[in-house]
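Have a look at the structure below before the remarks.
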Amino acid sequence: MRVLYLLNVSNSSQLSADSGYTFADMLAPALTDAGAEVTVASPVPVGDTRVHFVPTTSPSTKYRARFDPGLDALVNLIRDRRPEVVVANQIEAAPAIRAALLEAGVDALIAGYCHYLPFSFTDDGVLELDPALNDLGLGRSVLLAFAAGLGACDRVLVHSSTAASWTTAAAARAGVDLGDKLHIVPAPRDVRLVRDPADITPPEGSAAGVYNHRLYRHYGTARFTQLARRLVADAPVRLTVMDLFGARSPERIRLDPSPEKHLEELATMDGVTVASDRGDRVRYRNLLAGAHFGIAPFRPCCPWSMSVIDCQAMGLPVIGPRTGWLAEHLADELLFDTDEQAAQIAERLATDPEFYLLHAKRAYASTADLTPAVVADRYLEAIK
């Protein structure tokens, strides 16, 4: 099977912060091991030289990535590679890919992978747009483009049951029937970030927590900051907050200055340390190994989180708000609705070794089926 994997890398200068790239870097070699011939069209190659590489230009903004797929380049790429399957990791590009296949005279299946969802649903079934994609009111257009992309795909892959439910509901509202096109294929865990919980020592009365998510406003960073104040004041907890971006470009800061503002506030908080892995996965692993538990983001439209999986694969229990995918994925005893409940859970993790080790083992076990080889088999089965 010849697979053309179209990858938009939004953070080429900080690849460790780009979950889509990390996903491809794990998956593409595993697909190759399974017998597929994989070409990644991307601004940067994946690490395995067996995977063919076609360099592309990264869109300058997240809106260009959605509304300017570059049809001429797609036609030339498809004519050159003659794929049997085209993977669209930017769902909105699927109609353009369909048009490019038509123009190039190539009969290929289009598989769209929903790495993100530009919307979420409340418990009452109300659809809410992702504020990260709603600058100047563009959110509704992004949603419609996303629905059009779903309609143009032959296969639609999502990370979780929550994502499947939300995607199906949003598609139906736009008149798109996904039928049997929808498949749940979780992302692979990073093989460099796996630790047997048998090697973990529980905390002894004081625990170190880690928050390893992007500090954008739409990730609920203000809500996390409120919780952080409560945890370091009322629980035997100290926190490490990851600075995943470092120095961002003026263009990105102008579009959304919230990470810098939140980072500045968190850096001045007693009991909170800001750390950076400097793009080094070994350093990142060591930072996680020095923690006892992780904290999930407060992002309503989070259908999956690589940072959560990173912690769990390292045997770290993750606590999080009772919402969306997190309510599906995390152990019920680690979910909270209020800061008081979160502080109680953190204190128990710090002071109850039996409770801690139970959830360390459960965290690790929740990622056991996410090895690249297992995920690649599920991926190939889905895109047949």
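For residue 294, the residues whose modelled amide H falls within less than 5 Å of its own, excluding neighbours fewer than 5 places apart on the same chain, are 210, 318, 319.
When the solvent-accessible area of the chain is split by element, carbon and sulfur atoms take up 49 percent of it, the probe being 1.4 Å. When the Cα positions of 87, 176, 19 are compared along the charge dipole of the chain, 87 comes out farthest toward the positive end, with charges on each C-beta of Lys, Arg, Asp and Glu. Around the Cα centre of the chain, unit charges on the Cβ atoms of Lys, Arg, Asp and Glu (plus for the first two, minus for the last two) sum to a dipole of about 760 debye. Available extension along the chain between residue 173 and residue 124 is 16.1 nm, counting 0.36 nm per residue and deducting the alpha carbon span. May I ask for the net charge around residue 26, where only other residues with Cβ less than 13 Å from the Cβ of residue 26 are counted and Lys, Arg are +1 while Asp, Glu are -1? Local charge sum for residue 26: -3. Taken as Cα centroids, the stretch 359-384 and the stretch 68-82 sit 32 Å apart, rounded to the nearest whole angstrom. Relative to the dominant Cα principal axis of the chain, helix 339-351 is inclined by about 70°. Overall shape of the stretch 220-259 was characterised from the C-alpha gyration tensor. The equivalent ellipsoid obtained from it has semi-axes of 28, 11, 5 Å, in decreasing order. Alpha carbon centre of the stretch 156-235 versus the stretch 288-353: separation in Å? That distance is 9 Å.
Share of Cα-Cα pairs in the stretch 132-214 beyond 23 Å, in percent? Pairs farther apart than 23 Å: 49 percent.
Measuring r between the beta carbons of residue 337 and residue 217 and using R0 = 25 Å, the FRET efficiency lands at 0.70. Taking every protein chain into account, the accessible area of the chain amounts to 42 square angstrom per residue (probe 1.4 Å). By the Cα gyration tensor, the chain has an equivalent ellipsoid whose semi-axes, rounded to whole angstrom, run 35, 22, 20 from largest to smallest.
The 3J(HN,Hα) values that the Karplus relation (6.51, -1.76, 1.60; θ = phi - 60°) gives for the stretch 43-49 are, in residue order, x, 9, x, 7, x, 8, 6 Hz. Gly and Pro appear as x.
Remark on residue 54: its backbone amide H falls under 5 Å from those of 40, 41, 42, a criterion applied only to residues 5 or more positions apart or on other chains, H modelled at 1.01 Å from N. Each DSSP beta bridge with both residues in the chain is either parallel or antiparallel, and the antiparallel ones are about 5%.
The values are calculated or read from the model by the stated rules, or taken from the named source; none is laboratory data. Because the structure is predicted, anything quoted here is derived from the model rather than measured. So basically every Cβ, Gly included, is an ideal-geometry build from the backbone, and we count neighbours across all protein chains shown. These area figures cover heavy atoms from the full protein model, side chains too; ligands, DNA and RNA do not enter into them. Shrake-Rupley method; radii C 1.70, N 1.55, O 1.52, S 1.80 Å.
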